[in-house]
Every structure is written in C-alpha cells, then in structure tokens.
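The values are calculated or read from the model by the stated rules, or taken from the named source; none is laboratory data. As the structure is a prediction and not an experimental result, all values here were calculated from the model. Cβ placement follows ideal geometry from the backbone for every residue including glycine, while neighbour counts extend to all protein chains displayed.
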Amino acid sequence: MGRIRILPDQVANKIAAGEVVERPASVVKELLENSLDAGADELRIDVESGGRRLIRIVDNGCGMLRDDALLAFERHATSKLRDVKDLLSIATLGFRGEALPSIASVSRLLLETRSQEETTGTRIEIAGGKMLRCEEAALGGGTVITVRDLFFNVPARKKFLRTEQTELAHIASLVTHYSLAHPDKTFQLTSGPTELLHVTPVASMKERVYQVFGSQTLEDLVDIGIKRAELRMPPDPEDPEPVRTFTVSGFFSRPQVQKGNRNSIYIFVNGRLIRDRLILHAISAAYHNLMPPAAWPFALLFIECAPEEVDVNVHPSKTEVRFRHGSFVHDFVRDALRERLMETRPAPSFTPGAHAAATQPAARLPYSEFSQMIENEAPQSGPGASAWQPPPAQELPDFQLRPAAPPAQRLDFSAPPIEVAPGPAPSGKLSARNLDAHGTFPPEAVPAPEFSLSVLSELRPLGQIHESFIVAAGRDGLWIIDQHVAHERILFEQVMKQRASGSVEMQRLLMPLIVQLTPEQQIDYARIAEELHASGFETEPFGNRTIAVKAAPAAVAASDIERILFEILEIAETELRGASLDDLRRDICAGIACRAAIKINTRLDAAKMEWLLRALAQTDCPMSCPHGRPIAMHYSTRDILKAFHRI
Ligand SMILES: Nc1ncnc2c1ncn2[C@@H]1O[C@H](COP(=O)(O)OP(=O)(O)OP(=O)(O)O)[C@@H](O)[C@H]1O
Ligand SMILES: [Mg+2]
C-alpha cells in the first residue's frame, strides 16, 4: 500500500499558500529537503547554468513506490501529514505536498525512483505540468530528480532571474549550509565540470565546519557547545510533560568579525533553514555594545525543540516559523550567545571598564563607540597580534592630552630645529578691543565658523588622545581627527588614482600564499579575478577551492593579505545583490586602504601628525572615510566661546 495520500480539503486549506518556486535555489531547497526527509545520507546535486538549464538531485533515500510516484505530482499529495492535528507538530521538512507539482509545472522534470520494497523502479517525465511518460525502469534504490529548463513556459518569471553566477551562489550557499546541519551525511555539489563541494561524513559539526570553511574560519569562530533551557509550563492535566526543553548549538564569530549584512547568519530550527526576525534580534542583542549597530556577525545556529513549540506553517516557502513561546526563545538565544561571548573573549582586547558595561545590555557608556573601535582594530590572530596593546583601562574615560612627541630631527642638534606650527597664525588671538567690561564678546566680534577645507592644511597638531585621535588647533577653533580614518581616506584616494591609471604598486611574495575558499567564495572569486588583478592582487587557481596569491598591493602587509581577500570576496557577494562594478572597485580600494592605514593606539610624532593633516587637506573628500565614518570633529571658536558663556 502506498504511503502518499491527497490531503483532505480542510487540511489543505490550512496550509500557507503561495509561490513555492521563486528561483533555482528554491528548487534545490525543496528537492534537498525531500531527500533528507526520505532518510538519504548521500546527496549529490549537479547544476548547469546556475540551475537554469539543469538541476539534478541524486539520493539514496527510501525511494517511492510506483503508485506513490504518480501521486506525488498531485497537489497536496504527501506522505508526511494526515490530518489537521499533525499540522501542530511537524517533524519533517516537507508537509504541504506542494513542492513536486509546483516544480513540475514550470520545468521539464524527470523522476527516477525505486523503493526498497519493489524490484523495478519508475520513470516519470513531465513538462510544464503535463505527464509525458510513465514507465517501469531498471533502477538502483533511491531517487533521482532532474529538472531542466526552469521557467521555460513562464517567460515572465525567467526574466526576473539574476545572472547565472548569482543563482549559482545562492545554490552553493544553500547546499553548504544544509551540509553543515548534517555532518553525518555526504554532500556533493557540482556546477558543470566543477566540483564546488564534496564533504564526507564526520563525527561532529566542528569537523564539518572545518571541511567546508577551512581552519582560518574555524579559528575565528566560537563553538557554542550545547546550551539548554527549560521552560516550565503551568500545571495542566492534559499535558503530561509540563517542561519544554530548548537547546541551541552551533558557531558564531567574535566581535572583531563584522559583516555589513545578515547574509552570514544561518538559523536552523529543528533542522530547517529559516529566516527569523526574532532570532536575528536575539543575535544582535547578544552583541550589543560589542559591535556597531549596523554590523552583523557570522552565525550558524541550530535551535532544537519539540515540534509543537514551533509553527512551521506560516510561510508558503517554509522559510519562516513562529515560536509558541517567542520571548522565551529570544532571551534564551541572546543569553546563550552572550554568555559564550563573555567566556571566550580574549583578555587583552577587553578592558575591565568596557566589560562591566558590556555585560549589561542596556548600559551605554559614553565611550562605548571608542571601545568598539578598539575592538574593530584589534588584529584577530596571526603575526602582529601581540603588537597590539589595549589602552590601559583607567585611561579610557578621561580626556588626557598627550603633548606631541618632539620630532626625531630635534635630537640632531646640528640640524635646524623643525617648527611644528607653520601656517598663518593658527592660534590667532581674539582681539581685546572687542571685549566688553565683563570680558564678553559681542556676537559680531566673533569670526563666523569657517567651513573651507583649506583650514585643514593650516592646523597645528597639539597631541594625541589615547594615541588614536589627533587634537589640533586651527584658525577657527579646535579639531579632533581620527588618525585611522584620516589615513584611510588618504590611502583610498591614492589607491583609486593608481587603479585608474593602471599603475597599482605591487609587492611580489617570496612564496605564493595559498588561500582556501568556500564554495561560495570560489564562485565570487571566479567572477572578480580580473578586477582583483587590476587592483594589485596577482592570483591563480591552485587545485580545488584553493588559490595561490603571488603578489599583492604594496600598501598591504603580508599578514593582512588573506583577510583582505576574504573581505573583498564578501563585498563581491553583496555586489551580487545589485551594486555595480564601479562600487565593487571602490570597495576593493577601500578595503586595501583600511588594512594599510595607521591603526588607532599608535603613537605618532609631531612630524607624522602634521604630514597626515596636510595630506588629508589635499584629498578630495577629507571629511569622511571611504566607509562613511566621520574623520574630524570641529569645535569652532564660536562654540568654545558659547560654552564658556563669553558670547
Ligand atoms: N527524494 C524523495 N525520496 C522519496 N520520496 C520522495 C522524494 N521526494 C518526494 N517524495 C515523496 O513525494 C511526496 C511529495 O513531495 P513534495 O515535496 O511535493 O511534498 P512534501 O515534501 O510532502 O511537502 P512540501 O510541499 O512541504 O515539500 C513526499 O511527501 C514524499 O512522500
Ligand atoms: Mg517536499
């Protein structure tokens, strides 16, 4: 007797209805989920042209009986659900009986399947929803589904598909992450002749993360372990189990790893990959005060709970869920991550003062931004890590002005001393003639704030605060300049100019640097290899998902090359979602500039500070860094006089 049934209308009507197939990746998702539901532990996915021309999934699952294979293409035909009450506790990935008919209606589909219980298999061919062929066939156990020419009969939908590379990147990301959720299974993904992923069973998720992302990523990640929480239900005679258990496991990045979007957050609930605002909020709450609000970490979270605790029937593509006890789950996830973040923070990059604030999510220290910046600048590992020293904790909240270190030349008594204060009267006196009897200035006597950027070239550096911000006096008051972002702006414009004239300065590496890529990164790399080369990175493919870097832009330290490359690939991934080549180019230059710029917590002598201010004045846009952060704060003479009640 067959396993698949057509759902009665009253059940079918309760299922969230809507578009199932949006793009090739949604076909892959549905087919992959079916194979997992069928108990497969070997899954092979072949695609061509980003899945537009071909998607084929081969599994070694339970297969389908002949009658079931025919029924499977009817709407609401499923083996996973019987009646309405089953909808309240769904333990399988599929439940609607919608996927196969939806896919078959917009493609040319071939199903080849054999259940263990039958000696011969079944081959069914459907095009645009019409059955063309159904026959017995000698087949091995398991199921092969081949989907060709997606949307061949719906040209309007076809037009909305993005480039092959974009669609392929979505597929690669999806398969990669399902492979992470199932470390005990084999996953293989090929695009034409290229193998993008091939992972064999391993004992732990950690090993799977290593297989997929390599050792570098693993080092940057924190393993959550398994955190557990219990929710006690009010006494109920109908409920024999008044305690609900939730667990969260997986990996997330340390605060130094900051992404501009949420694309690196993957949330699985009971093995289902979902998007969920509640959990996203819990993650960002866990990083509160540790990361700027617009930044996102990498996270791979697996939340497990009883099926009754989560309603998966809320979105037609099964990508959203509703938790029955949403706020409990939110707080549990937030606290679990927060606790691990606190436990694993490397001591030197954290100051006791900031720690106290960080453990109270609601607290916002006035210098929280500053401590965040320190976080951002801290090298994460590798050479140079030990050179980075956090500012002493007690210095943070105070405003301490350190006199500019005398320029080195001063020590050479034979050389004429260098004047540190050039420029026309930067410390010009306010005319005493304008003072009234109380020492107050009439408003018209105060110079109007000067907005011309030429004033920057006349600034006189007075010193540094926290070896990070230059304090300078100018014709019109006081300036505080962020040394890192100022230098970033200078380098950015320099690199852009070199890039435009095709004269990027490069350094050849003594030994090529071998960099391992994830399947997604490999796709992005193939797309932007030429652009990388034009920006000073000489690279070439080196075996499977590995590239060799032979030269890099001269401005970049050797120890930063790999990280910059990853950052650029990440930009390229965002660029897939709409930005232009020009934006990509600018972002690459910004990435190089950011890595090469003077860090905060770096002592500068007066000559260096002066150089920086002059060079900044000569840039086209000296007021904000390439990422949009402000470079300088200005207190005009008028502001100062006002603050002292002198006007
Ligand atoms: N790879 C497979 N191996 C074995 N059986 C399968 C496979 N794919 C589909 N089936 C059978 O076909 C049925 C219909 O699949 P379909 O994906 O359309 O619906 P579903 O998985 O039940 O629900 P949903 O629409 O939510 O995915 C499934 O219930 C299952 O019994
Ligand atoms: Mg399904």
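For Leu110, all conditions in the list (1) within 16 Å of ligand 2 (Cβ to nearest atom); (2) aliphatic (A, V, I, L, M); (3) within 19 Å of Lys29 (Cα to Cα) hold save one; what is the number of the exception?
It fails just one condition, (1).
I'm trying to understand the selection: among the residues of region 267-325, which are of a type in the set (Asp, Glu) and touching a Gly at 6+ places or on another chain (Cβ under 9 Å)? Let's see the steps before the verdict.
Going through region 267-325, the residues of a type in the set (Asp, Glu) turn out to be 276, 304, 308-309, 311, 320.
Answer for region 267-325, where residues must be of a type in the set (Asp, Glu) and touching a Gly at 6+ places or on another chain (Cβ under 9 Å): just Glu304.
Take region 117-131 and flag every residue that is of a type in the set (Asp, Glu) and surrounded by 15 or more Cβ atoms within 10 Å (Cβ to Cβ). Full working, then the answer.
Initially, region 117-131 is screened for residues of a type in the set (Asp, Glu), giving 117-118, 125.
Those that are of a type in the set (Asp, Glu) and surrounded by 15 or more Cβ atoms within 10 Å (Cβ to Cβ): Glu118, Glu125.
Residue by residue, here is whether (1) over 19 Å from Pro8 (Cα atoms); (2) more than 16 Å from ligand 2 (Cβ to nearest atom); (3) touching a Ser or Thr at 6+ places or on another chain (Cβ under 7 Å) holds:
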| position | (1), (2), (3) |
| --- | --- |
| Arg66 | yes, yes, yes |
| Ser105 | yes, no, no |
| Glu117 | yes, yes, no |
| Thr120 | yes, yes, no |
| Gly129 | yes, yes, yes |
| Val147 | yes, no, yes |
| Phe160 | yes, yes, no |
| Gln165 | yes, yes, no |
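Say whether the condition of being among the β-branched types (Val, Ile, Thr), touching a Cys at 6+ places or on another chain (Cβ under 9 Å), modelled with pLDDT of 95 or more and surrounded by 15 or more Cβ atoms within 10 Å (Cβ to Cβ) is met by at least one residue in region 102-116. It would help to see each step written out before you state the result.
Our first condition is that a residue be among the β-branched types (Val, Ile, Thr); within region 102-116, this holds for 103, 106, 113.
From what is left, the residues that are touching a Cys at 6+ places or on another chain (Cβ under 9 Å) are none.
No, region 102-116 contains no residue that is among the β-branched types (Val, Ile, Thr), touching a Cys at 6+ places or on another chain (Cβ under 9 Å), modelled with pLDDT of 95 or more and surrounded by 15 or more Cβ atoms within 10 Å (Cβ to Cβ).
What number of residues within region 68-94 satisfy the criterion of being away from ligand 2 (no atom under 13 Å from the Cβ) and over 25 Å from Arg148 (Cβ atoms)?
Within region 68-94, residues that are away from ligand 2 (no atom under 13 Å from the Cβ) and over 25 Å from Arg148 (Cβ atoms) number 9.
Those residues that are farther than 15 Å from Met64 by Cβ and part of a loop (DSSP other than H, G, I, E, B), I need them from region 112-132; list them, please.
Gly128, Gly129
State all residues of region 135-151 that are out of contact with any Asp or Glu (no Cβ under 6 Å at 6 or more places or on another chain) and either of a type in the set (S, T, N, Q) or surrounded by 15 or more Cβ atoms within 10 Å (Cβ to Cβ) (or both); if no residue qualifies, say none. Working first, answer last.
Here is the first cut: in region 135-151, the ones out of contact with any Asp or Glu (no Cβ under 6 Å at 6 or more places or on another chain) are 135-138, 140-141, 145-151.
Hits for region 135-151 are Gly141, Ile145, Thr146, Val147, Arg148, Asp149, Leu150, Phe151.
For region 132-150, name all the residues that are of a type outside the set (Asp, Glu) and touching a residue at least 60 places away in the same chain (Cβ under 8 Å). Write out each step before concluding.
Keep residues of region 132-150 that are of a type outside the set (Asp, Glu), which gives 132-134, 137-148, 150.
Once the filter is applied, which keeps residues that are of a type outside the set (Asp, Glu) and touching a residue at least 60 places away in the same chain (Cβ under 8 Å), region 132-150 yields Cys134, Gly141, Gly142, Thr143, Val144, Ile145, Thr146, Val147, Arg148, Leu150.
As an exercise: evaluate Ala597 against (1) closer than 16 Å to Leu491 by Cβ; (2) among the small types (Gly, Ala, Ser); (3) in contact with a Pro (Cβ under 9 Å, 6 or more places away or on another chain) and give the number of the one condition it does not meet.
The single condition Ala597 does not satisfy is (3).
Taking helices (runs of 4 or more DSSP H) that fall entirely within region 195-296, which contain at least 2 residues that are surrounded by 20 or more Cβ atoms within 10 Å (Cβ to Cβ)?
On the way: elements: 205-213, 215-220, 277-286.
Those helices (runs of 4 or more DSSP H) span 205-213, 277-286.
Based on what the data block shows, is Leu300 in contact with a His (Cβ under 9 Å, 6 or more places away or on another chain) and buried (at least 20 other Cβ atoms within 10 Å of the Cβ)?
Details: in contact with a His (Cβ under 9 Å, 6 or more places away or on another chain): yes; buried (at least 20 other Cβ atoms within 10 Å of the Cβ): yes.
When the stated conditions are applied, Leu300 passes them.
When both residues are 6+ apart or on different chains and their Cβ atoms are under 6 Å apart, which pairs have a first residue that lies in region 30-50 and is farther than 21 Å from Pro183 by Cβ, and a second that is among the hydroxyl-bearing types (Ser, Thr, Tyr) and more than 7 Å from ligand 1 (Cβ to nearest atom)?
Asp46/Thr190; Val47/Ser191
Taking helices (runs of 4 or more DSSP H) that do not extend beyond region 1-106, which have at least 1 residues that are within 16 Å of Ile171 (Cβ to Cβ), of a type in the set (Val, Ile, Thr) and under 34 Å from the mean Cα position of the chain (by Cα)?
Working: elements: 9-12, 24-37, 66-71, 99-105.
In region 1-106, the matching helices (runs of 4 or more DSSP H) lie at 24-37, 99-105.
Please tell me if Ile171 is of a type in the set (Val, Ile, Thr), surrounded by 21 or more Cβ atoms within 10 Å (Cβ to Cβ) and more than 16 Å from ligand 1 (Cβ to nearest atom).
On the way: of a type in the set (Val, Ile, Thr): yes; surrounded by 21 or more Cβ atoms within 10 Å (Cβ to Cβ): yes; more than 16 Å from ligand 1 (Cβ to nearest atom): yes.
Spelling it out, Ile171 is indeed of a type in the set (Val, Ile, Thr), surrounded by 21 or more Cβ atoms within 10 Å (Cβ to Cβ) and more than 16 Å from ligand 1 (Cβ to nearest atom).
Would you pick out the residues in region 138-180 that are over 30 Å from Arg114 (Cβ atoms) and outside any helix (DSSP H, G or I)?
Those that are over 30 Å from Arg114 (Cβ atoms) and outside any helix (DSSP H, G or I): Val154, Phe160, Leu161, Arg162, Thr163.
Just the residues that are touching a Pro at 6+ places or on another chain (Cβ under 8 Å) and either of a type in the set (Ser, Thr, Tyr) or within 16 Å of ligand 2 (Cβ to nearest atom) (or both), please, taken from region 45-64. Outline the logic, then answer.
First, the residues of region 45-64 that are touching a Pro at 6+ places or on another chain (Cβ under 8 Å): 47, 50-52, 55.
Scanning region 45-64 gives a single hit, Ile55.
Yes or no: region 106-113 includes at least one residue that is within 16 Å of ligand 1 (Cβ to nearest atom), out of contact with any Phe, Trp or Tyr (no Cβ under 9 Å at 6 or more places or on another chain) and not hydroxyl-bearing (Ser, Thr, Tyr). Give the derivation first.
Taking region 106-113 as the starting set, the residues that turn out to be within 16 Å of ligand 1 (Cβ to nearest atom) are 106-107, 109-113.
Checking which are out of contact with any Phe, Trp or Tyr (no Cβ under 9 Å at 6 or more places or on another chain) leaves us with 110, 112-113.
When the remaining residues are screened for being not hydroxyl-bearing (Ser, Thr, Tyr), the result is 110, 112.
Among the residues of region 106-113, at least one is within 16 Å of ligand 1 (Cβ to nearest atom), out of contact with any Phe, Trp or Tyr (no Cβ under 9 Å at 6 or more places or on another chain) and not hydroxyl-bearing (Ser, Thr, Tyr), which makes the answer yes.
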